[in-house]
Structures are given as structure tokens and as C-alpha cells.
Amino acid sequence: LAPVVPYALRGIIWYQGEGNSGRAAQYRTLFPALITDWRSAWGRGDLPFLFVQLASYRQVPQWPREDNWPQLREAQLTALALPDTGMAVAIDIGNADNPHPENKQAVGRRLALAARRIIYGETLVASGPLYKSSTVEGGSIRINFSEIASGLVANDSKPLRAFAIAGADREFVWADAVIDGDTVVVSSPQVPHPVAVRYAWSDNPGQVNLYNREGLPAAPFRTDDWPLSTASAPPVEYF
């Protein structure tokens, strides 16, 4: 990177993360550190940094499980806490047989929306729904979002997919999910006392269909803060 540091630039686009998925918990520190370091190198604390969240990959699981890629996606999502950052969600355009999806046009359009809002100051919708909070309501959990724009939709007009729910035993099962105004209500008869919900929480969650009306997909999320499987992976020293 050093030879290009003096060059003037308007912002950075970053598309990476597959190789770090086995140490996704570490990426929660590593990725923001990279952004901060590059901004320091260019002497611009507000240097726009846009990135692509990992697309879906590998076969769709039969049952909910703890994969590495959703943990890496969550690490990427947390980087939005840094100012002047933007994320293009790609969970809906993956390829089960190739970690590099062919539909780069959709990725480019979503990055362009983020650039127009963050860099050029346009007032527009640049993100799909992002998880904000949740509330247990008897036998269901209500999910609240930011970036809903003009409203939540199932983009194929079918029941919402890729939601899972668990009780205190932390055993997730596939759940029913319905849009209720600007929220989603999740439940399952198998979990009468729910504690947590996860959405698109696998390497490949299949055909996800929760979007805002502007046609941008919801980012994968979880409502729990239970320890991640990659947290036990040994850290790697970079020199």
C-alpha cells in the first residue's frame, strides 16, 4: 500500500473477508483497525470507506447452525459504527459453488448508492433494513429496524424466509415471520418462550426475501450476544 499512499483519492471500496471467516471474531477488531490505519496514512480521518458484506456461499443448510460466514458478516456490519462508512449487502446474490458471485452489477449499484449518499451528499435510500432492537412479546419476538425507507416488504410476495428462533436452551429452529407495519414478528410453536432470533445466519441462507420497498435487502443479523464459535480461534499475528 505504501507506494500509493501519497496519491489523491475520493474514497476506498473494499471487497474482502472470505479468508478471515475462520477468525471472524478477530475481524471485529482487525477490520476497523485497517480503516482507521488507512485514514491515518492519508491524513484524512473522514476518508470515505465503502465495503461489501460477504455474499451467500456453500449449500443451504437443512437446519439452523453456527457457520463462520455469518459471524464475519456481523463483524463487517459493526464497522458501520465508524463515521463515513457504507456497506453493500450481497446476501441475496451469492453462488453456492463460488465464493465470488457473478452479479457484480448489483454490488456496483449498491456501492454507488452508498457513495452518492456518503461522498456526494445526496438524499436517497442507500441501504436495506438494518437490525436495531427486539422485544419479547409472549410467545413471539418483535424486530425493529433502521433504514426501512418507505416500508418493509417480502420482495417476492411470499412468506418471509431464513428466520430462526431459540429459547433459553439456545437451540434454534426455523421460525414463522410476518411483517407488521415497520417491524417483523417472529415465532414458532416449538419455542413457546423465545429468547433470540437470527436472520440469514448461515454461510448460505438460501433465497432471502426481506427488503425495503426501494429494493434493497435486509442485512443478516442476530438479536443475541451469545459467544461466537470463532471467538476460540487462535489469533493470527500480521507483520
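Determine whether R73 is basic (K, R) and within 30 Å of Q190 (Cα to Cα). Outline the logic, then answer.
On the way: basic (K, R): yes; within 30 Å of Q190 (Cα to Cα): yes.
When the stated conditions are applied, R73 passes them.
Residue by residue through the stretch 190-233, note down the ones that are β-branched (V, I, T) and open to solvent by 60 Å² or more (accessible area, probe 1.4 Å). Break it down stepwise before answering.
Step one: of the stretch 190-233, the residues β-branched (V, I, T) are 191, 195, 197, 208, 223, 230.
Result: V195, single match.
Quick one: is G17 in contact (Cβ under 8 Å) with a residue 24 or more places away in the chain, touching a strand residue (DSSP E or B) at 6+ places or on another chain (Cβ under 8 Å) and surrounded by 14 or more Cβ atoms within 10 Å (Cβ to Cβ)? So that I can check it myself, show each step before the final result.
Working: in contact (Cβ under 8 Å) with a residue 24 or more places away in the chain: yes; touching a strand residue (DSSP E or B) at 6+ places or on another chain (Cβ under 8 Å): no; surrounded by 14 or more Cβ atoms within 10 Å (Cβ to Cβ): yes.
Taking the combined requirement at face value, the residue does not satisfy it.
From the list R65, R58, R39, R23, which residue is under 16 Å from R222 (Cβ atoms), over 16 Å from the mean Cα position of the chain (by Cα) and among the charged types (D, E, K, R)?
Numbers: R58 fails: under 16 Å from R222 (Cβ atoms); R39 fails: under 16 Å from R222 (Cβ atoms); R23 fails: under 16 Å from R222 (Cβ atoms).
Unique residue meeting the criteria: R65.
When the residues of the stretch 1-14 are narrowed to those that are touching a residue at least 12 places away in the same chain (Cβ under 8 Å) and of a type outside the set (G, A, S), which ends up most open to solvent (accessible area, probe 1.4 Å)?
This residue is R10.
Sort out which residues of the stretch 135-156 are assigned to a strand (DSSP E or B), open to solvent by 50 Å² or more (accessible area, probe 1.4 Å) and not hydrophobic (A, V, I, L, M, F, W, C), and write them in order of number. Before the answer, list the steps.
Filtering the stretch 135-156 down to residues assigned to a strand (DSSP E or B) leaves 135-137, 140-146, 152-154.
Now restrict to residues that are open to solvent by 50 Å² or more (accessible area, probe 1.4 Å): 135-137, 142.
If the condition is that a residue be assigned to a strand (DSSP E or B), open to solvent by 50 Å² or more (accessible area, probe 1.4 Å) and not hydrophobic (A, V, I, L, M, F, W, C), then T135, E137, R142 are the ones that fit.
Quick test of your reading of the structure: I179 fulfils all but one of (1) in a strand (DSSP E or B); (2) open to solvent by less than 50 Å² (accessible area, probe 1.4 Å). Name the failing condition by number.
I179 satisfies all of (1) in a strand (DSSP E or B); (2) open to solvent by less than 50 Å² (accessible area, probe 1.4 Å) except (2).
State which residue pairs qualify: first residue open to solvent by 70 Å² or more (accessible area, probe 1.4 Å) and in a loop (DSSP other than H, G, I, E, B) and inside the stretch 57-79, second residue among the small types (G, A, S) and at pLDDT 95 or above in any location, beta carbons under 8 Å apart, and separation of 6 or more residues or different chains.
What qualifies is V60/S202; V60/G206; R65/S202.
Specify which of the listed residues (A168, A164) is modelled with pLDDT of 95 or more and open to solvent by less than 20 Å² (accessible area, probe 1.4 Å). Lay out the reasoning, then the answer.
On the way: A168 fails: open to solvent by less than 20 Å² (accessible area, probe 1.4 Å).
One residue alone meets the criteria, A164.
Give the residue, chosen from A114, A196, that is closer than 29 Å to A96 by Cα, touching a Gly at 6+ places or on another chain (Cβ under 7 Å) and not basic (K, R). Lay out the reasoning, then the answer.
Values: A196 fails: touching a Gly at 6+ places or on another chain (Cβ under 7 Å).
Answer to the check: A114.
The values are calculated or read from the model by the stated rules, or taken from the named source; none is laboratory data. Since the model is a prediction, treat every value here as computed from it, not as a measurement. Because the Cβ atoms are built from the backbone with ideal geometry, glycine has one as well, and the counts that use them run over all protein chains shown. The protein model used for the area step is the full one, side chains on, heavy atoms only, and it has no ligands, DNA or RNA in it. Shrake-Rupley method; radii C 1.70, N 1.55, O 1.52, S 1.80 Å.
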